[in-house]
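The block underneath contains the structure these notes are about, expressed in structure tokens.
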Amino acid sequence: MQSPAETAAAHPTPRDSVRAGHMESRADGRTTLLFIPLAILAAWLLYPSLTPVPLEGFSAAIHGLGVHLAQGDILAFDRLQPLHVEFYGLSKLGAVLGVAGLVKLFGIEGETALRILMLFGEAALLVSTFILARRWAGAPPLIAALAVLLVPGVIENSFFYAESVIAAGFTSLALVCFGTRSIVAAPLIGGALFGLGVLTRPDIILVAAVVPLLIVEQHGVTRRGVVALLVAAIGGAIIWLGPLALMGVTPFDILKVGKLTLQLWDRKFSIPHHLREIVVFVGLPAGFLATIGVVALIRQRAFMRLAVLLVPIIAVNAAFAGSMYQSRQLLGLAPFVVALTAVGLVQLMPRPGTGRVGLWTRGVAAVVIALMLLVPMKPGHDDGPHHLVGRIPGIADWRDWQKDVAAEVAAIRDIAAVDRPGLRVIISDTWNPDRYLHVALIEAGYRAQRPAEIEPACVAIAESFERNGARVLHVRLFQGFVRYYPAIIRERFDAMARPCLEAVAPTEATLLTTADYLALMQGRAGVAELWPAQPANPFDNLLLRLFTDKPWPIMVVPFDADLAERMSRAYAIVEVEAKARLVAMGHRPPGTAAEAIEATRRIIPFPRGD
């Protein structure tokens with residue numbers, strides 16, 4: 001026999017139905033209202049994505065290689081150090097092809113094309129990550145959206161030009177396709193998208209470790225699953241290997257160039273640095289929530305879901321163990337980190353029957369997370385001003401950084417755009433101005449001349465550009481790739497650049513340097529002040545790693561004979577200090593300028609026929 005309450009529940013009256021409808025409407029209204037502050041927060045956190053700037057010379061490499069490819073002469077990007085063409089061309093080929101295609105089709109500037117690709121990549125990454133967080137975490141829209149916003153690496157890597165965002169956008173969209181019941185169409189599209197991601201950044205192929213798990217989760221170990229996996233592999237292989245074949249290269253060439261580059265960089269194995277990049281990418285709030293998410297999945301015995309979310313994270317970090325140099329290397333893991341964060345957020349949501357202790361615990365956790373986001377703290381500068389604490393007010397630091405970089409690039413563009421007959425000489429002595437100037441000259445309508453058109457005294461140290469009878473000779477003191485570059489800058493200046501400068505008669509000469517080098521040239525600071533040695537105390541060393549200083553800005557200085565003497569003396573000081581530090585840090589002994597030039601020659605026929 002039913003109780004009165006059970007009878008009432010089984011046979012609701014019209015009044016009960018109206019009351020239930022009102023309660024559901026109020027709940028829907030509260031959810032809608034919560035989306036308003038979330039949308040405001042998203043707009044604030046994403047705002048700098050609309051104004052990306054070059055991060056360093058590799059950003060200019062994507063831009064410049066794309067423009068040169070559109071012009072039909074990709075090797076003109078760097079005839080002096082062609083390893084730059086091979087490494088950046090092969091490791092970022094998808095982005096380079098995208099820039100070239102947009103420039104060729106629509107006649108737009110290379111930077112505009114790169115910005116379009118960045119906006120597409122970030123939009124694809126955000127939308128697909130949101131979809132996957134809902135799918136994998138079982139999270140409602142509000143929770144999934146909040147989880148996306150809580151992982152700084154998902155958003156902050158779009159504040160500067162980087163192929164990682166474009167590649168991660170493609171692979172995240174691919175993962176959405178692999179989560180369907182289709183065995184042909186969706187896997188084929190997913191494989192093709194994943195191929196585009198690998199073409200854009202080859203190391204993102206490590207994320208593919210999750211694809212068999214996703215297909216098994218949908219189809220089981222069945223014939224349908226095997227077909228879906230094969231179709232996905234075919235789609236990916238065609239899209240990745242096809243463009244490589246047209247360029248006359250294979251994945252083995254990419255490995256060959258990458259191996260040489262790593263040898264030249266001579267970077268030391270460092271687990272602390274690796275861990276720092278993980279913290280920068282994930283962030284403290286999301287790291288806390290993702291840990292809760294892992295524990296929750298273990299307690300729920302959801303081992304297949306846990307494998308889907310952890311296998312790619314483990315694969316990428318194992319492959320880069322001790323050699324994770326930038327947090328953007330982790331961008332392909334964004335959907336998995338966000339999904340774990342969403343699982344953690346779901347655990348913090350109050351449930352019917354939650355006791356007072358549980359409510360207090362959840363409230364304290366929410367307050368701690370809010371404080372981590374709101375309390376301002378000094379940023380650490382590594383690919384921009386990252387904030388371990390205070391991400392929300394830290395957006396102002398990002399905008400200031402973007403404005404500073406934009407001002408530096410604008411100053412170089414102004415120099416390139418000068419319309420003056422005769423020969424101008426511009427000297428650069430560091431990586432960023434070296435490539436920023438090259439791109440600025442090309443965008444200003446200059447044509448890169450071939451070695452036969454350059455003065456013999458300058459052919460090994462300078463690249464020349466011509467426009468309507470005007471010439472710019474770019475004297476390049478920077479030597480790419482080799483770690484010991486500072487130890488040979490004096491030799492490159494005295495033995496190679498000065499004879500070149502004596503052989504020409506420019507109407508104007510300019511130096512592009514950085515503020516630390518300039519201070520040394522002008523005698524305003526010494527080596528110990530400009531480049532302090534690493535602290536011996538482990539705690540102080542950790543703080544230095546977490547809160548690295550802002551990079552020295554680019555300076556534009558008129559060049560004359562007096563400055564040439566000051567440069568020679570300053571570079572001699574740098575040479576001595578660099579050699580001492582390289583030995584102290586256990587690096588290989590530095591080579592000569594000639595050996596460094598030889599190390600960055602072409603090692604493969606890329607592209608075919610050139």
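The values are calculated or read from the model by the stated rules, or taken from the named source; none is laboratory data. Computed from a predicted structure; not experimentally measured. Cβ atoms come from the backbone with ideal geometry, glycine included; neighbour counts cover every protein chain shown. Note: areas computed on protein heavy atoms with side chains; ligands, DNA, RNA excluded. Shrake-Rupley method; radii C 1.70, N 1.55, O 1.52, S 1.80 Å.
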In the chain, helical segments from DSSP H whose Cα atoms cover 30 Å or more along their own axis and that average at least 0.5 on the Kyte-Doolittle scale are 110-137, 223-246
Heavy-atom accessible area of residue 246, protein chains in place, probe 1.4 angstrom, given in Å² to nearest 10, is 150
Only helices counted: for the chain, with every DSSP H run of 4 or more residues adding -39500 (n - 2.57) and the sum spread over all residues, [θ] at 222 nm is -20500 deg cm²/dmol
Cα-based Rg/(2.2 N^0.38 Å) for the stretch 401-602, rounded to two decimals, is 1.08
As straight-line cross-link partners of residue 579, the qualifying lysines (C-alpha separation under 17 Å, not fewer than 8 residues apart within one chain) are 268
Given unit charges at Cβ for Lys, Arg (+) and Asp, Glu (-), the dipole magnitude of the stretch 401-602 about its Cα centre in debye, nearest 20, is 460
When every protein chain stays in place and a 1.4 Å probe is rolled, 598, 122 sorted by accessible area with the largest first are 598, 122
For residue 409, the net charge from surrounding residues (Cβ-Cβ under 12 Å; K, R +1; D, E -1) works out to -3
Rounded to the nearest Å, the spacing of the alpha-carbon centers of the stretch 153-189 and the stretch 310-351 is 15
Computed from the beta carbon distance with a Förster radius of 25 Å, FRET efficiency for residue 71 and residue 419 to the nearest 0.05 stands at 0.75
Rounded to the nearest 10 Å², the accessible area of residue 414 using a 1.4 Å probe with every protein chain kept is 110
Given a 1.4 Å probe, the accessible area of the chain per residue, as a whole number of Å², is 44
Out of 354, 202, 44 - ranked by how far each Cα lies towards the positive end of the dipole of the chain, with unit charges on the beta-carbon of charged residues - the top one is 354
Cross-link reach from residue 378 to aspartates and glutamates, straight Cα distance under 12 Å and at least 8 residues apart if same chain, gives 397, 549
Rounded to the nearest 5, the percent of antiparallel DSSP beta bridges in the stretch 401-602 equals 55
Unit-weight point scatterers at every alpha-carbon of the chain, Debye formula, q = 0.07, 0.09 1/Å: log10 I(q)/I(0) is -0.50, -0.78
By the rule of another cysteine's Cβ lying under 4.7 Å, the cysteines of the chain that fail to get a partner are 177
Filtered hits (aspartates and glutamates, Cα-Cα < 17 Å from residue 403, offset >= 8 within chain) -> 56, 111, 156, 382, 383, 414
Sorted list, accessible surface of protein heavy atoms, 1.4 Å probe, largest first, for 305, 79 is 79, 305
Heavy-atom accessible area of residue 91, protein chains in place, probe 1.4 angstrom, given in Å² to nearest 10, is 20
Computed for the chain: size of charge dipole around the Cα centre, +1 on C-beta of each Lys and Arg, -1 on C-beta of each Asp and Glu, debye to nearest 20, value 2220
Note on the chain, DSSP bridge orientation, antiparallel percent to nearest 5 equals 55
Given the candidates 488, 561, 519, the one whose Cα lies deepest towards the positive end of the charge dipole of the stretch 401-602, counting +1 at each Lys or Arg C-beta and -1 at each Asp or Glu C-beta, is 488
From most to least accessible, 1.4 Å probe, no ligand or DNA/RNA atoms counted, 244, 501 line up as 501, 244
